[in-house]
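Q: One structure is given below, represented as structure tokens, and several questions about it will come after.
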Amino acid sequence: MLDGATALIDTDEARAIPPSLKSALDQIASSLRELREGGAVENLNGTLASAREAADAVALATKDLPALADRLNLIANRADALIASYGARSDFNAETLDMLREVQAAARSISDLARAIERSPNSLLFGK
């Protein structure tokens with residue numbers, strides 16, 4: 001881009017343009033040169049590579065979330081059947097059923113999180 005801008009500015013036609021426009025083109029060329037020399041392109045590429053690696057790591061980490069949620073639901077269902085054998089009105093039964101409801105809610109939350117990450121993996125990086 002800098003080479004193209006320089007080629008445009010270093011022509012007889014460019015020398016004939018109004019001074020204000022030439023000054024603007026010179027400023028653009030200077031800004032582009034500073035960006036190149038300051039390593040902006042390399043920094044941007046590094047940032048994008050890091051973001052890609054982070055998104056890949058999140059995708060890998062969340063791959064097992066649906067299976068985990070399914071296992072939690074299975075355990076909760078089995079425990080529910082076991083607790084029912086203690087009697088419907090016992091304190092143990094009531095407290096355990098409350099705990100199982102919380103486990104099931106956690107499993108649903110994990111499933112929802114996994115689906116949200118699958119739909120939009122960038123949301124973990126950008127907060128949306």
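Q: Under the Karplus relation 6.51 cos²θ - 1.76 cosθ + 1.60, θ = phi - 60°, what is the ordered set of whole-Hz ³J(HN,Hα) values for the range 73-80, x standing for Gly and Pro?
A: Once θ is set to phi - 60°, the couplings for the range 73-80 become 5, 4, 4, 4, 5, 5, 5, 4 Hz.
Q: Debye calculation, C-alpha points only, no solvent: report log10 I(q)/I(0) for the range 64-128 at q = 0.17, 0.19, 0.26 Å⁻¹, in the same order as the q values.
A: Computed log10 I(q)/I(0) values: -0.64, -0.72, -1.01.
Since every read-out is calculated from the coordinates, none of them should be taken as a lab result. Just so it is clear, the structure is predicted and the values come from calculations on it, not from any experiment.
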